[in-house]
Every structure is written in structure tokens, then in C-alpha cells.
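Trainee: My structure is below; once you've seen it, I'll send some questions.
The values are calculated or read from the model by the stated rules, or taken from the named source; none is laboratory data. Not measured: the values here are computed from a predicted model. Glycine gets a Cβ as well: all are built from the backbone with ideal geometry, and neighbour counts include every protein chain shown. Heads up: the accessible areas ignore ligands, DNA and RNA and are worked out on the full protein's heavy atoms, side chains in. Shrake-Rupley method; radii C 1.70, N 1.55, O 1.52, S 1.80 Å.
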Amino acid sequence: MTQAVQANQPSAMLFGERLIAEGLLASRDLERALAAQREMGGYIGDVLTRLGLIAEPDLFRMLAEHLQVDWIQKDDFPEAPLDIAPLPTAFLFNNHIAPVKADEQGMVFASAEPQATFVQKALKLGTGKPVTMALASSQDIEQALKVYLAEEQGDFEQAAEAYVNDEEFVEHLKDLASETPVIQLVNQLIQRSLDLGASDIHIESVDGGLRTRYRVDGVLQDAAQPVDERLSAAVISRVKLLANLNIAERRLPQDGRIMMRVKGHELDLRVSSLPTVHGECVVMRVLDRQSVKLDISGMGFSPDILKQYLSLLNRPHGVLLLTGPTGSGKTTTLYASLSNLDSDSLKIITVEDPVEYQLEGINQIPVQSQIDLTFARALRSILRQDPDIIMIGEMRDTETRKISVQAALTGHLVLSTLHTNTAAGAITRLEDMGVERFLITAAVNGVLAQRLLRVLCSACKKPAQLDGKQLQRLGIAGDESKGADVFEAVGCDQCKGTGYSGRSAIHELFVLDDEVQRVNTRRCRC
């Protein structure tokens with residue numbers, strides 16, 4: 001796969017317009033590809049082919065014309081190694097380039113990134129001859145480089161042998177992952193998650209093959225269709241290729257992202273791979289952008305808690321925290337809260353890892369740890385952007401917490417999430433992370449704890465009677481002598497036999513009002 005035309009460069013747009021002019025791409029498809037490129041990063045060529053919007057031969061032909069270089073194909077590489085002295089062979093492998101032609105007049109090298117001027121200058125200095133760069137696919141370059149492995153001796157020869165073996169295995173995995181049965185199987189797994197309304201897809205390597213499960217309404221369910229043991233490695237590799245992960249790396253955890261359109265739905269899949277005893281396990285978190293409704297009144301709030309929460313949200317400054325376990329809907333509630341605000345009259349900036357929903361009128365910053373753009377670093381810069389409201393995806397470290405408190409004390413409203421079991425526990429958590437109690441009292445307006453509960457299927461739920469002892473055991477208020485009328489799960493075709501359909505949030509709101517602040521202040525003085 002070629003990697004020319006980098007993200008966020010004018011040349012990416014120009015190249016896309018050239019494809020449209022040639023009739024190889026539609027304007028709408030270019031917009032989709034550029035949007036995916038902005039979110040995922042990488043190169044426009046990779047994005048176009050991964051989304052299936054253009055065939056590789058057409059892409060390479062047009063890219064070569066766009067970059068004004070020759071396109072070198074597999075049969076154009078020499079069968080025997082060329083004399084590239086005094087250039088060391090290791091330079092070829094380190095920079096992923098392959099010689100195509102060498103004579104007294106000059107040399108031609110093939111690269112997946114022929115526009116890289118640094119490599120061309122280094123080659124010219126290393127060979128002492130004029131150097132011309134050409135375009136080739138990464139796979140063809142890897143194949144061409146194998147003829148140079150025998151040229152090296154000693155330690156490098158051993159490393160090269162390992163490289164060949166690993167490359168052969170990786171190429172085998174790529175071939176398997178590109179076969180039609182594997183592609184169809186992975187597509188079916190993803191489509192099935194949409195039909196079930198699943199939040200996560202679990203693909204687990206176990207003794208004897210693969211186990212696939214879906215998390216539906218917070219509960220894991222085994223997949224109906226089994227996965228052939230012979231396709232286990234290919235299925236894992238297919239998912240990793242779609243997520244732009246390194247399929248040769250099977251010893252370390254990796255994280256990636258897949259953007260794809262399924263049955264008219266734009267799906268955003270967050271992919272996490274983890275090595276285990278029996279092989280790799282992959283979990284894909286499914287985010288269906290079209291199914292999410294960011295309406296604060298439809299989030300399951302009771303009327304009194306919603307009224308108090310909105311009053312905290314409309315305060316001009318302070319910290320408003322959301323707590324709860326992973327997958328409890330904290331981020332969705334935060335997005336709904338921001339959607340409830342007037343972004344036309346307020347400057348709202350968010351820092352997220354990653355940006356899950358794009359909100360109109362709001363400046364959203366994705367965390368990029370590879371370039372040291374962390375929550376804390378972004379937050380320090382945000383304060384110089386004159387914001388009214390700041391949303392921090394998660395308070396992960398002490399520095400982020402302290403800067404957030406300082407921002408709240410200097411006239412900003414700060415929204416964020418925190419991992420605690422209760423609303424009141426957030427105060428203790430902040431104190432444990434080094435934030436002084438008097439600062440917590442002065443800055444924090446309130447804490448909202450949230451959980452998700454499964455909702456009974458309206459098509460099959462049936463009435464049930466609870467007696468007085470059951471009411472007492474469950475802690476439900478009522479007349480113990482009469483009991484209470486409730487409903488219980490049954491199961492039908494509509495809910496696929498589970499008895500439940502969807503989830504609703506329950507909330508606990510802890511407001512740091514004047515009385516709580518007075519008590520807290522007295523404790524500080526003691």
C-alpha cells in the first residue's frame with residue numbers, strides 16, 4: 001500500500017480533485033475519505049483503498065502522475081542484486097527503499113514515499129551519483145529487498161534470516177486475510193453487532209480456535225455463527241489490517257480504529273488487541289453515530305435531579321464531574337450537556353481521547369500521546385484561548401486535576417469524568433490525587449454518578465407480585481402487608497429471548513451547596 005500524500009496537506013485535496021476529474025472518485029466519497037483521514041491520520045491513498053473507494057492500480061497510476069514520478073511494478077525490479085556500493089545494504093531496509101537501476105549516469109530507487117526529499121538527498125550523498133526516486137507499493141519493495149539479504153554477513157545475516165521468516169509469515173497472513181471467506185466473515189461479525197445493538201464485539205483466541213461474543217445491553221452473548229479454527233489467525237489479521245495495526249507484532253497490545261459504512265450506518269469501531277496464552281484477543285467497541293441521540297431530557301434523569309443538574313450546568317464557573325464505571329454512558333451525558341449549551345454565545349473547547357462525536361460550534365481537540373499532546377498539555381494551552389467552558393474527557397493524572405481546579409477558580413466552567421463508585425467518593429479521590437481540600441470546596445460545584453440498567457422488553461414483560469418480605473429485602477418502599485405490583489422479564493422474538501431491550505441511566509447527584517462547604521471548611525481548619 002502506498003503512503004504518499006500526507007494528512008492535512010493541500011496536496012491531499014488536490015490529489016482527490018484529480019481523481020474526481022478522471023472519473024475514479026465521487027465528490028461525496030472524497031469528503032468521506034478526507035473526514036476519515038482527519039480523524040485517523042495517515043495518508044489519503046491508504047484511506048481511499050481501505051474504504052474500498054478506489055482500486056490499487058488506479059491509485060498508483062494517478063499517484064505517480066500526481067507526484068510526477070515513474071510507477072515501478074513487481075516485474076520491473078531486477079532479479080539479481082545491483083551494485084550499490086558504497087551505500088550500505090542496511091540503509092535500504094531501514095528506509096524501505098529498493099534499487100531499480102544503477103549505472104554510471106545515476107541510480108533509480110523505488111519508495112512508497114518518493115516525495116521524501118531527505119531520503120533522496122541521503123542516497124545522493126551515499127552513492128555520489130545522481131538519484132531519481134520512483135513510486136512502488138510496500139509489498140513489491142519488500143519482495144525486491146529479499147535478494148539483498150544474502151549480501152550481508154555476521155550478525156546482520158542472522159537478523160536478515162529472521163526478517164525473511166517473519167516476512168514470509170506476515171505475507172501469508174496478509175494473503176489469508178484478503179481472501180473472500182475471511183472478508184465476508186469479518187463483515188458479518190460487524191453487521192451482526194448492528195442488528196443486535198451491541199456495544200462491543202469480542203474476538204477471543206481460545207484453545208481450539210476463536211470465540212466470538214457480543215455485549216448487548218451490558219451482558220455478553222455468544223455469537224450464533226462459529227468461526228472455523230483454520231481461519232482464526234486470518235480473522236484476527238483482517239481486523240488488525242482494517243484498524244491499521246501491525247499484524248507482525250503479536251507480543252504487545254495495540255490500539256486502532258476502523259471507520260466503515262454498514263447498512264447505511266456510519267460505524268466507528270475502536271479496536272484493541274491483547275496477547276494471551278492462546279493467541280491474540282481483539283475487542284471492537286462499536287459506536288453508531290446515527291443511533292446516538294444527544295438529548296439531555298432523554299437520558300433517564302428524574303425531574304428533580306435534571307433540574308438541579310441543569311442549574312449546575314448553567315453556572316458561570318466551577319467544576320462539574322461525572323463518575324461511573326467504563327461504559328456507563330458518562331461521555332454521552334457530557335456530549336448531551338454540551339449540546340444543551342448555547343455554543344453561539346459561548347466558546348466551548350474540549351480535549352478528548354478520542355473525539356467520539358463531532359459537535360457543531362464546539363472546538364474539539366483529540367489527545368495524541370505519540371506527540372506528547374496530553375490532557376494536561378492541551379489544557380494549559382486552552383486557557384490562553386479565552387474559553388467559557390472546558391470539557392476534559394478524563395482526569396487521568398494529578399497535573400490535569402490541578403489545572404482543572406485552577407481553571408474553575410479563574411472563571412471557567414470545567415466538565416470532566418472521574419472513575420469512582422459513588423458521587424461523594426469523587427471528593428476523596430481528588431484529595432488522594434493531591435488536590436487540597438479547600439480548593440475542592442471552592443471549585444467543585446457538584447458530582448453526578450451514573451449507571452446503566454437494562455430495561456424490560458415492552459412486548460413480553462408480564463406483571464408479578466412482590467410480597468412484604470421481598471419488598472423489605474429489596475429495600476423498596478411500600479405497604480409490606482399488601483406487597484407491590486411489578487413486572488418481570490419473559491423473553492420473545494423481539495428481544496431475542498433475553499426479556500430486555502435497551503438500557504436506561506440512573507443518577508445520583510451530589511451538590512456541594514453552602515452547608516456542605518461550611519462542613520468541609522470546618523474540617524480543613526481542624
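Trainee: Using a ≥ b ≥ c from the Cα gyration tensor of the stretch 175-243 (square roots of the eigenvalues), is it rounded, prolate or oblate, where a/c under 1.5 gives rounded and otherwise the larger of a/b and b/c decides, a/b for prolate?
Mentor: Prolate shape, in that a/c is at least 1.5 and a/b is the bigger ratio.
Trainee: Taking the highest mean first, how do the peptides 83-90, 435-442 order by number of other beta carbon atoms within 10 angstrom per residue?
Mentor: Ranking, from highest mean packing down: 435-442, 83-90.
Trainee: Another question about this same structure. For the stretch 223-327, what is the relative contact order in percent, using Cα pairs closer than 8 Å and at least 6 residues apart in sequence?
Mentor: Values: 95 pairs, mean separation 15.7, N = 105.
Once divided by the residue count of the stretch 223-327, the mean separation gives 15 percent.
Trainee: Also, I was wondering about something else. Set Lys and Arg Cβ to +1 and Asp and Glu Cβ to -1, take the dipole of the stretch 198-289 about its Cα centre, and tell me which of T212, S272, M260 lies farthest positive.
Mentor: M260
Trainee: Additional query: Mind scanning K240/K293; K74/K129; K240/K347 and naming the pairs with a C-alpha gap bigger than 28 Å? The partial results should precede the final answer.
Mentor: Numbers: K240/K293 30 Å; K74/K129 25 Å; K240/K347 38 Å.
Over 28 Å Cα-Cα: K240/K293; K240/K347.
Trainee: To continue, here is another question. With each label point set 7 Å from Cα along the Cα-Cβ vector, what nm distance links S311 and K293?
Mentor: 2.8
Trainee: Taking each pair of distinct Cα atoms in the stretch 263-380 once, what is the resulting Kirkwood hydrodynamic radius in Å?
Mentor: Numbers: mean 1/r = 0.0594 Å⁻¹.
With all distinct Cα pairs of the stretch 263-380 included, I get 16.8 Å.
Trainee: Just reorder R251, R28, R377 by solvent-accessible area, largest first, 1.4 Å probe, all chains present.
Mentor: Largest accessible area first, the list is R251, R28, R377.
Trainee: Simple spin-label model, 7 Å along Cα-to-Cβ: N187 to R61 in nm?
Mentor: 2.4
Trainee: Continuing with the same structure: Calculate, for the stretch 293-414, the solvent-accessible area per residue in square angstrom, rolling a 1.4 angstrom probe over the heavy atoms of the protein chains.
Mentor: 47
Trainee: Another one. Can you tell me the accessible area per residue over the stretch 194-260, all protein chains present, probe 1.4 angstrom, in square angstrom?
Mentor: 47
Trainee: Mind listing the long-range amide H neighbours of A110? Cut-off is under 5 Å, sequence gap 5 or more, other chains count too, H placed in the peptide plane at 1.01 Å from N.
Mentor: Hits under the 5 Å cutoff: A98, V100, A134.
Trainee: Assuming R0 = 41 Å, what is the FRET efficiency of E249 and D103, from their Cβ-Cβ distance, to the nearest 0.05?
Mentor: 0.55
Trainee: If packing is taken as the average number of other Cβ atoms within 10 Å across a peptide's residues, how do 307-318, 232-243, 394-405, 496-507 rank, most packed first?
Mentor: Packing proxy ranking, top to bottom: 232-243, 394-405, 496-507, 307-318.
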